[in-house]
Amino acid sequence: MVSENIIVGKGTKYPLKGILTLPDNITEPVPAVVLVHGSGSSNMDEKVGKIAPFKDLAEGLAKQGIACVRYNKRSFSYGFKMLMNKNNIITAKEETIDDAIMAANLAKGDSRIDPDKVFIIGHSMGGMLAPRIDATGGDFRGLIIMAGSPLPMEKIMLIQLAEQMAEMKGPVKKIISKQLDKFTTLFEGLYELSDETAKATKIGNGVTLYYFKEMGQPSVEDYLNRTDKPMLVMQGEKDFQVKADRDYAAYKKILTDRNNVTFKLYPGLNHAFVPATYDNISMAKKEYNIEKHIGDDVISDIAAWIKSIN
């Protein structure tokens, strides 16, 4: 395995440090993946607590003959700069999509990588956005969605708040209840709002309602229905953030008639595709403070699927 430092978006306002991981002893161009983060600010390893799922994927896939591009998320490297730009309305496009497209182009421009066999692995929100990234410039050979959801982001947010509230007691429960009421009201009639009103309505941490409005039109389902590319949809059965019986089931419903879509459900694995310790969303912080790694079965399944695509 060879690891090389790279810059995604070199020459732009937001150059991002990253790593290109390559198999040893390359004799002909190899397939590659671009890793796209979930929500929040993440480094190139998508490190949370004591787990680093993107590092596990990159190093594991390199051993299976597949190159990997990973990089710091823009909000990780430039979050303060983005927030301080008062003329800038943050969207998923600038936070995630533009950089993923540049990473794809970087991979395709490397002579050691087969430009016709570059895939996207989107995790969580990155999985939600994978069809849009592909359609708007990524142009991947296929899409791998890990713990994604085809539901609108605002709906997922309300569901997760309701689940947290149900698990809490006392003052904390009241605080979350107020948050739930606030966001339920804010999201009501979201898509009927003008862009100007949505951009002017701040909901916290520099994010406006336009972030959700822009992400939801067209919807994830629309993008899924527009593509006929092969897909691998993966889900941890013990994931308490994105649910097997809700989000994964929704993908199955949308893509039920596609013979080039593969579904993989992993018993006992959580949102990061490592063995679960807890089973409720209120324990998320503790869940990720235990060092664990993505298993060989998950990595082998991804590698085998990529190699099966001609």
Among Ile90, Pro53, Leu20, the residue whose Cα sits farthest towards the positive end of the charge dipole of the chain (+1 at Cβ of Lys and Arg, -1 at Cβ of Asp and Glu, taken about the Cα centre) is Ile90
Summing Lys, Arg as +1 and Asp, Glu as -1, what charge do residues with Cβ under 15 Å from the Cβ of Ser177 carry, Ser177 excluded?
+2
Taking only C-alpha pairs under 8 Å that are 6+ residues apart, what is the relative contact order of the stretch 152-216 in percent?
30
Between the stretch 202-224 and the stretch 1-75, the Cα center-to-center distance that results, in Å:
26
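How would the stretch 152-216 be classified by its alpha-carbon gyration tensor: rounded, prolate or oblate, with rounded meaning a/c under 1.5 and the a/b versus b/c comparison settling the rest?
The shape class here is prolate.
Tell me, in nm to one decimal, what length is gained between Asp297 and Asp228 on full extension, where the rule is 0.36 nm per residue of separation less the Cα-Cα distance?
Values: separation 69, 0.36 × 69 = 24.84 nm, distance 2.67 nm.
Gain on stretching Asp297 to Asp228: 22.2 nm.
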How high is the relative contact order of the chain, in percent, with contacts defined as C-alpha pairs under 8 Å that are six or more residues apart?
18
Which lysines does Lys252 reach when only Cα atoms under 17 Å apart count, and residues fewer than 8 places away in its own chain are ignored?
Lys229, Lys243, Lys264
Take every DSSP beta bridge with both residues inside the chain and express the antiparallel ones as a percent of the total, to the nearest 5.
40
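Within the stretch 135-172, report the trypsin sites (Lys or Arg not before Pro) that DSSP leaves as loop and that have at most 10 other Cβ atoms within 10 Å.
Taking the stretch 135-172 and a limit of 10 other Cβ atoms within 10 Å, the loop trypsin sites (Lys or Arg not before Pro) found are Lys169.
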Please identify which residues in the stretch 54-75 have an amide N closer than 16 Å to a label point set 7 Å out from the Cα of Met1, following the Cα→Cβ vector.
54-71
Roughly how many debye, to the nearest 20, is the charge dipole of the chain about its Cα centre, given +1 on each Lys and Arg Cβ, -1 on each Asp and Glu Cβ, and no other charges?
800
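Can you tell me, using C-alpha contacts under 8 Å and at least 6 residues apart, the relative contact order of the stretch 67-191 as a whole percent? Spell out each step's value before the answer.
Details: 109 pairs, mean separation 20.4, N = 125.
That works out to 16 percent.
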Net charge near Leu186, counting Lys/Arg +1 and Asp/Glu -1 over other residues with Cβ under 14 Å of its Cβ?
+2
Please say if the stretch 210-310 is rounded, prolate or oblate, where rounded means a/c under 1.5 for a ≥ b ≥ c the square roots of the C-alpha gyration tensor eigenvalues, and otherwise the choice is prolate for a/b larger than b/c and oblate otherwise?
oblate
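Tell me which GluC sites (Glu not before Pro) from the stretch 167-267 have a DSSP coil assignment and no more than 13 other beta carbons within 10 Å of their own.
Glu188
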Furthest towards positive pole of dipole, Phe212, Leu193, Ala166, structure part the stretch 152-216, Cβ charges:
Ala166
Extension length gain for Glu196 and Ala249 (0.36 nm per residue less Cα distance), in nm, is 15.6 nm
Could you let me know the centre-to-centre spacing of the stretch 90-168 and the stretch 239-265, using Cα atoms, in angstrom?
16
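Every number here is computed from the coordinates shown, using simple stated rules; none is lab data. Bear in mind that the values here come from a model prediction, so they are computed numbers and not experimental data. Don't worry about glycine lacking a Cβ; one is built from the backbone with ideal geometry, like all the others, and counts go over all protein chains shown.
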